[in-house]
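Here the structure is laid out as structure tokens; the discussion comes afterwards.
The values are calculated or read from the model by the stated rules, or taken from the named source; none is laboratory data. What you see is a predicted model, and the numbers here were worked out from it, not measured in a lab. Every residue, glycine among them, receives a Cβ derived from its backbone with ideal geometry; neighbour counts consider all protein chains shown. The protein model used for the area step is the full one, side chains on, heavy atoms only, and it has no ligands, DNA or RNA in it. Shrake-Rupley method; radii C 1.70, N 1.55, O 1.52, S 1.80 Å.
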Amino acid sequence: MASVFGHVMASTAIGFAFFPKQSTFKILAVAGFCAFAPDLDILAFNFGIAYENIWGHRGASHSIFFALVFGLAMAAVFYRNRADFWKIALLFILATVSHPLLDACTTGGRGVALFFPIDNSRIFFPFRKILVSPISPGDFFSDWGLQVLGSELIWIALPGLFLVLICNFFRKIQAN
């Protein structure tokens, strides 16, 4: 998995790039939670659910289906009465789906069940440059954790910043 920092970097970039009017601190905080939420499946280990199980780590919660349901639910819970509800819902859906897309680019793990419930297969993308993050918080504060952060700066933060700058550039051109 990418780290929580990498996932939040991606959701923030999505917000600023495509939803600048909705990108308030509160909305981006919820989007950041949406981007991290699929990894709450690690709690399944406490109930004896194996990694390989569809309800285990990187299983159903790492699917497009989950992103649609979870993102829409988060928007409905927090922003159902806003005129821009559908934009916020789309931001939350994209933030949530960014998680398995990033995890499918990592160097470790068993792949993601991106197409659950249609197909339970675990997949990786051919591009696997993001170093897999340790699951244990204790292991994250080590040389491995620093290497993960460096990898995420290169493969998540810089492309995210580039995306935001390009989108802002085109918005300014369109406004003139």
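Whenever a residue of region 152-172 is β-branched (Val, Ile, Thr), its partners that are modelled with pLDDT of 95 or more, lying with C-beta atoms within less than 6 angstrom and at least six residues away or across chains, give the pairs ILE156/GLY6; ILE156/MET9; ILE156/ALA10; VAL164/ALA13; VAL164/PHE16; VAL164/ALA17. For region 89-131, a residue qualifies if it is closer than 21 Å to PHE18 by Cβ, open to solvent by 10 Å² or more (accessible area, probe 1.4 Å) and in contact with a Leu (Cβ under 7 Å, 6 or more places away or on another chain), and exactly one does: ILE93.
Within region 132-168, the set of residues being among the aromatic types (Phe, Trp, Tyr) and either within 22 Å of PHE18 (Cβ to Cβ) or in contact with a Leu (Cβ under 7 Å, 6 or more places away or on another chain) (or both) comprises TRP155, PHE162. There is at least one residue in region 140-147 that is in contact (Cβ under 8 Å) with a residue 40 or more places away in the chain, of a type in the set (Phe, Trp, Tyr) and more than 18 Å from CYS34 (Cβ to Cβ). Taking VAL69, is it crowded, with 24+ Cβ neighbours inside 10 Å and out of contact with any strand residue (DSSP E or B) (no Cβ under 6 Å at 6 or more places or on another chain)? Here the answer is no, as VAL69 does not meet what is asked. If I filter region 137-152 for residues that are on the phi < 0 side of the Ramachandran plot, modelled with pLDDT of 95 or more, among the hydrophobic types (A, V, I, L, M, F, W, C) and in a helix (DSSP H, G or I), do I get at least one hit? Among the residues of region 137-152, not one is on the phi < 0 side of the Ramachandran plot, modelled with pLDDT of 95 or more, among the hydrophobic types (A, V, I, L, M, F, W, C) and in a helix (DSSP H, G or I), which makes the answer no. Contact map, region 86-115: first residue of a type in the set (Asp, Glu), second residue surrounded by 24 or more Cβ atoms within 10 Å (Cβ to Cβ) and not in a helix (DSSP H, G or I), Cβ cut-off under 6 Å, separation 6 or more or different chains; pairs are ASP103/MET1; ASP103/VAL112.
Screening TYR79 against (1) of a type outside the set (A, V, I, L, M); (2) within 14 Å of HIS62 (Cβ to Cβ); (3) touching a residue at least 24 places away in the same chain (Cβ under 8 Å) leaves a single unmet condition, (2). If you go through region 74-86 and keep only what is within 16 Å of GLY32 (Cα to Cα) and open to solvent by 100 Å² or more (accessible area, probe 1.4 Å), you end up with just PHE78. In the set ALA50, ALA83, only one residue is over 21 Å from LYS129 (Cβ atoms) and at pLDDT below 95; that residue is ALA50.
The rows are residues; the columns are (1) touching a residue at least 40 places away in the same chain (Cβ under 8 Å); (2) closer than 16 Å to PHE92 by Cβ; (3) touching a Phe, Trp or Tyr at 6+ places or on another chain (Cβ under 8 Å); (4) not in a helix (DSSP H, G or I).
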{"residue": "VAL8", "(1), (2), (3), (4)": "no, yes, yes, no"}
{"residue": "THR12", "(1), (2), (3), (4)": "yes, yes, no, no"}
{"residue": "LYS21", "(1), (2), (3), (4)": "yes, yes, no, no"}
{"residue": "PHE33", "(1), (2), (3), (4)": "yes, yes, no, no"}
{"residue": "PRO38", "(1), (2), (3), (4)": "yes, yes, yes, no"}
{"residue": "ILE49", "(1), (2), (3), (4)": "no, no, yes, yes"}
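Residue by residue, here is whether (1) within 19 Å of ALA13 (Cα to Cα); (2) under 17 Å from the mean Cα position of the chain (by Cα) holds:
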{"residue": "ALA89", "(1), (2)": "yes, yes"}
{"residue": "PHE116", "(1), (2)": "no, yes"}
{"residue": "ASN120", "(1), (2)": "no, no"}
{"residue": "TRP144", "(1), (2)": "no, no"}
{"residue": "LEU161", "(1), (2)": "yes, yes"}
{"residue": "PHE169", "(1), (2)": "yes, no"}
